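What follows is a set of notes on a single structure, which appears directly below.
Values quoted throughout were computed directly from the atomic coordinates according to the rules given, and no laboratory measurement underlies them. Keep in mind that this is a model prediction, so the values were computed, not measured. Cβ atoms come from the backbone with ideal geometry, glycine included; neighbour counts cover every protein chain shown.
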Amino acid sequence: MAWVLLIAAGLLEIVGVIGIKRVSEQNNWTNNLILIGGFIASFSLLVRAIESIPLATAYAIWTGIGSVGAAVVGMMFFKESKTPVRLFCIMGVIGCVIGLRLVE
């Protein structure tokens with residue numbers, strides 16, 4: 001169950017990051033709610049996951065999900081670059097996150 005919470009926390013971190021982008025474009029209560037709500041929910045689930053998963057592993061996986069997710073959302077919805085080097089780096093982050101899970 002802790003792993004489900006951790007993955008959900010990572011996905012909600014992506015919601016918070018989307019909120020940051022939206023607030024930077026238009027600062028209104030809806031965008032602020034997305035930003036604050038996404039991060040509060042994400043941190044809450046992360047705290048619960050860390051009760052069962054080692055801190056270093058949980059934090060690295062949480063930030064990895066958020067980093068990769070933010071990069072993918074940026075490329076898909078905010079016209080950020082999709083260069084082969086950037087895609088390779090994203091795959092590297094994914095590989096490291098998988099590696100941390102395997103050696104836990």
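Worth pointing out:
- Using the Cβ of residue 45 as centre and a radius below 14 Å, the other residues enclosed give a net charge of -1, where K and R count +1 and D and E count -1.
- Pair residue 103, residue 78: separation of 7 Å Cα→Cβ label points (nm): 3.1 nm
- Here each label is just a point 7 Å from Cα along the line to Cβ, and for residue 85 and residue 51 those points are 4.5 nm apart.
- Computed over neighbours whose Cβ is under 14 Å from that of residue 78, the net charge equals +3, Lys and Arg +1, Asp and Glu -1.
- Remark: the residue 63-residue 2 segment gains 20.4 nm on full extension, using 0.36 nm per residue and subtracting the alpha carbon distance.
- Evaluating 6.51 cos²θ - 1.76 cosθ + 1.60 at θ = phi - 60° for every residue in segment 32-43, the Karplus couplings come out as 5, 5, 4, 4, 5, x, x, 6, 4, 5, 4, 4 Hz, glycine and proline recorded as x.
- The modelled label-to-label distance for the pair residue 27/residue 44, using points 7 Å beyond Cα in the direction of Cβ, is 2.6 nm.
- With bins 10 Å wide beginning at 0, the percent of Cα pairs of segment 26-104 falling in each bin runs 16, 37, 33, 13, 0.
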